[in-house]
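Where a number appears in this text, it was derived from the coordinates with a stated rule and is not lab data. The shown structure was predicted, so the numbers you read here are calculated from the model rather than taken from an experiment. Heads up, the Cβs are rebuilt from the backbone with ideal geometry, glycines too, and the neighbour counts pull from every protein chain shown.
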Amino acid sequence: MSDNDLTLEGMKIRDVDNLKHVLKSRSRRHYFRNMTDVGSFMNMVLFDTLKKLGVDVVKFNMNPEQIDKSLDDNKVKVENRPYTGKDEWRSGLYIYKAGEIVEFIGHPKESEIVGPLGERYSLMSTYGYRLKSVK
C-alpha cells in the first residue's frame, strides 16, 4: 500500500505509531519552575533542531519568507498540534525532515506535585538525544 492509498484513519494510526516509537526510544521528561523557563527551553530546542537540519532562523534575522523558503529547500516541516481528551499526550511541536519525525517537544503540563527545586511544569521531549543526520 502506498502513501496515496492510506485512509485518514490509517494515517492517524501510522502517525501515532511513529510518535510512540520515537518517544519510547529517545524521550525524557524535562522539569521547569515557571512558564518563562518552559518557553525558553522550547525555543532553544526548536532553533537548535532547525539549525541542525539546515534552517538557521537567526541567520535569516527571523524573516518569515526566508525561513519558509529554507524550510521548503531543506524538506523540513514544523507543526504545532494541540489535542484534547485521551489524545492530549500527543500535543506538542512536531519537527519533520523529509516526512519523518526527527524531534518532538510536548506541550507543557502543570505538575500535580511540585518538584524538589520548585518545578511546577514539565514536558516530554526527544531533545537531548543525538540527532542523527537526516538527508
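Structural remarks
- Distance between the stretch 41-75 and the stretch 90-117 - C-alpha centres, whole angstrom: 19 Å
- Between SER111 and ASN18, the modelled label-to-label distance comes to 3.2 nm, taking each label 7 Å out from Cα in the direction of the beta carbon.
- Of the trypsin sites (Lys or Arg not before Pro) found in the stretch 43-125, those in coil by DSSP whose Cβ has at most 14 other Cβ atoms within 10 Å are LYS59.
- Shape call, the stretch 3-125: gyration tensor on alpha carbons, a/c limit 1.5: oblate
- Cα lying deepest toward the dipole's positive end in the stretch 3-125, options ILE95, PHE41, PRO82, charges on Cβ: PHE41
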